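Asker: Got a structure for you, questions after.
Any read-out appearing in this document is the output of simple, stated calculations on the displayed coordinates, not a laboratory observation. As the structure is a prediction and not an experimental result, all values here were calculated from the model. Every residue, glycine among them, receives a Cβ derived from its backbone with ideal geometry; neighbour counts consider all protein chains shown.
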Amino acid sequence: MWLKMEISEKISSNRRISLPEAADLENFSLFELGRFASMRRNFADPSGSVGYISNRMINYSNICAARCKFCAYHAGAGKIKPFRLPDDEIISLCTEAVERGAKQIMLQGGLSPEFTLEWAENLLRRIKSECPKLWLHVFSPSEIVWFARRSKTDIPAAVSRLKSAGADSVPGAADLLVPEIRRELCGNKCTVEEWCGVMRALAANSMTSSATMTFGMGESFQQRLEHLDIVRSIQDETGVFKAFICWPVSPENTQIEGKVDRVGANEFLKMLAVSRIYLDNIKYIQSGWLTEGLKVAEIALLFGSNDVGGVLMDEMVVRAAGVENKAVVSQMEKIISNAGFIPRERDGLYRTILKSV
Ligand code: SF4
């Protein structure tokens, strides 16, 4: 047990806390964590602004061999009929998104034999040719590992080829980086080592990522910290992460429904603050309005967050679990102003496009 005063002193003088010290954060009150996370936020980003990006999420297929137990989106969960968007339709969605002001698209699908590295390269080339200014924040580490396996190549070569085809950055999509949890809940996805391998390959190709954490799957507080520790170590090593985003799992309509307690706003805010305090090497911490809703996202800005992520069009994965949250730019700007910060529209590299006064 570390003295609370010692840890508080380290946090407020912007010094790193160790993994054993972080374990004591579980005993801090929610408001203490909020106060310390806000201090850390100001050390990392004294601008007083909060970013958002106009973004379209394109879920191109739900046919997925991974069948993760916490996922309601894949066809095997029986919630959404199996589908695959034709490539032409994906291109149309991209061009329409640009017309509607989107600066970034995300592509997220499933692990299916139809999807190879060659298919992904061809699709990215077509999108870049039609929409050269669109930032392509595409595929997950699991999809990249899948492409590499299907096309009998390794992770560094797959990442390099995706970059040449037009990929700009890759979402972290880490779930929980705890081997025993992954074996139990998502054993067919990439391993922790493979996830780290994708991050190293992205860094080697001068690409960026956003680390994530999905929690509330029956793990302990210590296991959440282990996840954060892997993220912090990879960031120390590579500097690949522009941002970190955490959100609670939505267990409804999944195999873990009824087996885990749904994480409430209080616990979400606590983990957000702990993440900000622990991840002293990541500038942008996003608040997850998609799962938690805009009201909680507003409060989250006082728990260490300095980005509200994308104004999403057409997201399907979270909706499959029965969570229906929507946001338009004016709503995003309102919650940011309400919390006392300046809204700024940003691009895929977190550079300011437009700042409100
Ligand atoms: S979480 Fe992703 S990899 Fe897992 S079943 Fe769902 S779509 Fe497939």
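Asker: From the phi of every residue in the stretch 87-94, what ³J(HN,Hα) in whole Hz does the Karplus formula 6.51 cos²θ - 1.76 cosθ + 1.60 yield, where θ is phi - 60° and glycine or proline is x?
Answerer: The phi angles translate into 4, 4, 5, 4, 4, 4, 4, 5 Hz.
Asker: Additional query: What Cys residues in the chain are without a partner cysteine, judged by a Cβ distance under 4.7 Å?
Answerer: CYS64, CYS94, CYS131, CYS190, CYS196, CYS246
Asker: What residue among ILE230, ALA211, ALA273 has its Cα farthest toward the positive end of the dipole of the stretch 27-343, where the charges are +1 on Lys, Arg and -1 on Asp, Glu, each on the Cβ?
Answerer: The one lying farthest along the dipole's positive direction is ALA211.
Asker: Which whole-angstrom value gives the distance between the alpha carbon centres of the stretch 63-129 and the stretch 154-175?
Answerer: The stretch 63-129 and the stretch 154-175 have Cα centres separated by 15 Å.
Asker: With each run of n ≥ 4 DSSP H residues scored as -39500 (n - 2.57), what mean residue ellipticity at 222 nm is computed for the chain after dividing by its residue count and rounding to the nearest 500 deg cm²/dmol?
Answerer: Details: 15 runs with 154 residues, N = 357.
Calculated from helices alone, the mean residue ellipticity at 222 nm is -13000 deg cm²/dmol.
Asker: Which shape class, rounded, prolate or oblate, goes with the stretch 27-343 when its Cα gyration tensor gives a ≥ b ≥ c as root eigenvalues, a/c under 1.5 marks rounded, and past that a/b bigger than b/c marks prolate? Write out the running numbers ahead of the final one.
Answerer: Details: a/c = 1.41, a/b = 1.28, b/c = 1.11.
The shape class here is rounded.
Asker: Could you tell me what percent of the DSSP beta bridges with both partners in the chain are antiparallel, to the nearest 5? Could the numbers behind the result be given before it?
Answerer: Working: 4 of 38 bridges.
Here the share of antiparallel DSSP bridges comes out near 10 percent.
Asker: Could you tell me which of the pairs LYS81/LYS103; LYS69/LYS128; LYS10/LYS334 are separated by over 32 angstrom between their Cα atoms in the structure shown? Working shown, then result.
Answerer: On the way: LYS81/LYS103 30 Å; LYS69/LYS128 35 Å; LYS10/LYS334 34 Å.
Checking Cα-Cα distances, LYS69/LYS128; LYS10/LYS334 exceed 32 Å.
Asker: Could you check how many percent of all C-alpha pairs in the stretch 19-119 are farther apart than 19 Å? Write down the numbers at each step before the final one.
Answerer: Working: 3303 of 5050 pairs.
Above the 19 Å cut-off, the stretch 19-119 has 65 percent of its Cα pairs.
Asker: Please identify every one of the GluC sites (Glu not before Pro) in the stretch 92-149 that sits in a loop by DSSP and has no more than 12 other beta carbons within 10 Å of its own beta carbon.
Answerer: Values: sites: GLU96, GLU99, GLU114, GLU118, GLU121, GLU130, GLU143; in loops: GLU114.
Here the GluC sites (Glu not before Pro) that fit, given the DSSP loop and packing criteria, are GLU114.
Asker: Another question, if that's okay. Between ASP45, ASP280, ASP168, which gets the highest mean-square fluctuation from a Gaussian network model of the chain, Cα cutoff 10 Å?
Answerer: Per the Cα network of the chain with a 10 Å cutoff, ASP45 tops the list.
Asker: Rank CYS71, GLY109, TRP135 by how far each Cα sits towards the positive end of the charge dipole of the stretch 27-343 (+1 on Lys, Arg Cβ; -1 on Asp, Glu Cβ) and give me just the farthest.
Answerer: It is TRP135.
Asker: May I pose another question? Using only alpha carbon pairs under 8 Å that are at least six residues apart, calculate the relative contact order of the chain and give it in whole percent.
Answerer: Working: 682 pairs, mean separation 85.0, N = 357.
In percent, rounded to a whole number, it is 24.
Asker: Pop out the ³J(HN,Hα) list for the stretch 247-261 in order, Karplus 6.51 cos²θ - 1.76 cosθ + 1.60 with θ = phi - 60°, rounded to Hz; leave Gly and Pro as x.
Answerer: Per-residue couplings from phi come out as 8, x, 5, 9, x, 4, 6, 10, 5, 9, 4, x, 9, 10, 7 Hz.
Asker: On to the next question. Could you please rank LYS152, LYS259, LYS270, placing first whichever residue has the fewest other Cβ atoms within 10 Å of its Cβ?
Answerer: Numbers: LYS152 8, LYS259 11, LYS270 22.
Ranking LYS152, LYS259, LYS270 by Cβ neighbours within 10 Å, fewest first, gives LYS152, LYS259, LYS270.
Asker: Something else now. Under unit Cβ charges (Lys, Arg +1; Asp, Glu -1), what dipole magnitude, rounded to 20 debye, does the stretch 27-343 have relative to its Cα centre?
Answerer: Numbers: 36 positive and 36 negative charges, 31 e Å.
In total the dipole reaches around 140 debye.
Asker: Oh, and also: Pull up all non-local amide H partners of TYR284: gap of 5 or more, or a different chain, and H-to-H distance under 5 Å with H placed in the peptide plane.
Answerer: Under 5 Å from the amide H of TYR284 lie the amide H atoms of PHE244, each far enough along the sequence or on another chain.
Asker: If every alpha-carbon in the stretch 140-215 counts as one equal scatterer, what log10 I(q)/I(0) does Debye give at q = 0.11 1/Å?
Answerer: -0.25
Asker: Using DSSP loop states and a limit of at most 16 other Cβ atoms within 10 Å to flag chymotrypsin sites (Phe, Trp or Tyr not before Pro), what is the longest stretch of the chain containing no flagged site? Mind showing how you got there, number by number?
Answerer: On the way: sites that count: TRP2, PHE83.
It works out to 84-357.
Asker: Under the rule of at least 5 residues apart or a separate chain, name every residue whose amide H is placed under 5 Å from the amide H of ALA173.
Answerer: THR212
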